[in-house]
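Here the structure is laid out as structure tokens; the discussion comes afterwards.
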Ligand SMILES: Cc1cc2nc3c(=O)[nH]c(=O)nc-3n(C[C@H](O)[C@H](O)[C@H](O)COP(=O)(O)OP(=O)(O)OC[C@H]3O[C@@H](n4cnc5c(N)ncnc54)[C@H](O)[C@@H]3O)c2cc1C
């Protein structure tokens, strides 16, 4: 292969120092296996890498954190964006301009200096661009809407090696599809995202013991039927592994956590949460927190690991779905399943002023399931069984919570207009589709 020119960041081949480190992301199952890694430092590096790949007919993949990696790339060029981690806040416009590899933690911290909050989610280490291209359901999602709804511009390197500044005016159709169904259309080098005023919220996580989880799910269904948009919540339930690294109160126990974030006054938050607390015994405290600690209410694992998972956007939360979730992927499941239930609606259900490609925005709930990859096909089978049980109430899926190549293959997401754009922008299929 010819040398690659005009790149300032490291260009690495198998066997080079640092090559393997570039492939190591949060998801440790099926890493990419490229012939060349370009650790880009700028949009110019990305342009050079894409032109090199196009000239040599090589496939291209892009990775930031590896949280959302699906099918691995074999051969070709992997562009890693971790060195492009700048963020600039424009307080007058209430906009954050982020580079390709910026993670949410940096944006949350930078926005806080101006009394602003971004539409960030449960993991401070997830990449802003990957998250936002796939929709993005944040800690305050019912108030702020989908992260994609808040995108104001996208700088995109397309398969012809050109760098475009894509806005609603410059290229309405491409702009629409990038916001919500944007993975694999090119390499985003920067994005502008609208922020919201804010800084503190009332919330935290309430823990519910195994024997009360069925009652919790029933109560959650009732409770979430009528809540103001300022209250965003979700449930995560799993059996914690019996490992000495875990605190005694978690080891080996099946627990559910209700994560709550309310943007109004604390006393009103207490009043809103009271019916749920009265319905089931809970432990844990709620209180006022700075938004810089928002991700702490989720306590996502920070160590890389192999996982697979999928989701269903539900038209309604029928009790049969809750029963199936517990029967198939609950405490008695033969492999560890993390069950998730997010309350959607509110601003998530309202069409943005400029149309985007978020699918099924009127779905009021998201059901999620995730398991560690254990070398068997059992996790995949259980997930499929659960998705089939939920099928009568399923509107579709959101790209962000399909983890692993199997989930992407089993549950493709069709976006109106996307195939036409791919044919126009990337007729030779340069960009790897996961
Ligand atoms: C622990 C955990 C918590 C999560 N919490 C939430 C949550 O609260 N809300 C939510 O909506 N989602 C959440 N997600 C899902 C997450 O948003 C997706 O996995 C997302 O794809 C991660 O983006 P990334 O860039 O960090 O990951 P990567 O694996 O690096 O990339 C994911 C996808 O984005 C593409 N991509 C990345 N950078 C670029 C770029 N510069 N240009 C073009 N394409 C690019 C990649 O090619 C890949 O297809 C969570 C995931 C995990 C593992």
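FYI, it's all coordinate maths here, none of it is from the lab. All figures in this text were calculated on a predicted structure; none of them were measured in a lab. Heads up, the Cβs are rebuilt from the backbone with ideal geometry, glycines too, and the neighbour counts pull from every protein chain shown.
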Exercise. From the Cα gyration tensor of region 337-423, with a ≥ b ≥ c the square roots of its eigenvalues, which class applies: rounded if a/c is under 1.5, or else prolate if a/b is larger than b/c, or else oblate?
Worked result: oblate
For this session: Fewest Cβ neighbours within 10 Å first, please rank 232, 158, 28, 132 accordingly.
Result: 28, 158, 232, 132
Seminar exercise, completed: Rounded to the angstrom and largest first, Cα extents along the principal axes for region 200-410 equal 49, 48, 32
For this session: Classify region 189-304 as rounded, prolate or oblate from the Cα gyration tensor: take a ≥ b ≥ c as the square roots of its eigenvalues, call it rounded if a/c is under 1.5, otherwise prolate when a/b beats b/c and oblate if not.
Result: oblate
For this session: For the chain, set up a Gaussian network in which alpha carbons nearer than 10 Å are linked by springs, and say which option among 391, 141, 407 fluctuates the most.
Result: 391
Problem set entry | Two-site label geometry, residue 277 and residue 222: point separation in nm, points 7 Å out along Cα→Cβ | 1.8 nm
Problem set entry | Residues of region 417-434 with amide N under 16 Å of a point placed 7 Å along Cα→Cβ from residue 409 | 433-434
For this session: Extending each Cα 7 Å along its Cβ direction at residue 268 and residue 296, get the distance between those two points in nm, one decimal.
Result: 2.5 nm
For this session: Can you grab the distance from the C-alpha centre of region 74-128 to the C-alpha centre of region 420-434, Å, no decimals?
Result: 26 Å
Seminar exercise, completed: With 0.36 nm assigned to each residue of separation and the Cα-Cα distance removed, residue 90 to residue 395 gains 106.1 nm
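Give, in whole angstrom and from largest to smallest, the semi-axes √(5λ) of the equivalent ellipsoid of region 87-197, with λ running over the eigenvalues of the Cα gyration tensor.
Three semi-axes, in Å: 22, 14, 13.
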For this session: For region 358-389 and region 312-346, compute the distance between their C-alpha centroids and round to whole Å.
Result: 9 Å
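I'd like the antiparallel share, as a percent to the nearest 5, of DSSP beta bridges with both residues in the chain.
If I count the DSSP bridges inside the chain, around 85 percent turn out antiparallel.
In percent, how large is the relative contact order of the chain, given Cα pairs closer than 8 Å and 6 or more residues apart?
Reported relative contact order: 18 percent.
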Exercise. Roughly how tilted is helix 172-181, in degrees to the nearest 10 and between 0 and 90, from the longest Cα axis of the chain?
Worked result: 50 degrees
Exercise. What's the center-to-center distance, using Cα atoms, between region 249-298 and region 141-209 in Å?
Worked result: 28 Å
Seminar exercise, completed: Per-residue Cβ contact counts at 10 Å, fewest first, order 414, 143 as 414, 143
Seminar exercise, completed: Where a ≥ b ≥ c are root eigenvalues of the Cα gyration tensor, a/c under 1.5 meaning rounded, otherwise prolate if a/b exceeds b/c and oblate otherwise, region 335-375 counts as prolate
Seminar exercise, completed: Rounded to whole angstroms and listed largest first, the alpha-carbon spread of the chain along its three principal axes comes to 66, 52, 40
Seminar exercise, completed: With only helices counted (DSSP H, runs n ≥ 4, each -39500 (n - 2.57)), the per-residue ellipticity at 222 nm for the chain, to the nearest 500, works out to -7500 deg cm²/dmol
For this session: Specify the residue with the greatest mean-square fluctuation among 328, 235, 260, computed from a Gaussian network of the chain linking alpha-carbon atoms under 10 Å apart.
Result: 328
Problem set entry | FRET E, pair residue 362, residue 419, Förster distance 25 Å, beta-carbon r, rounded to 0.05 | 0.55
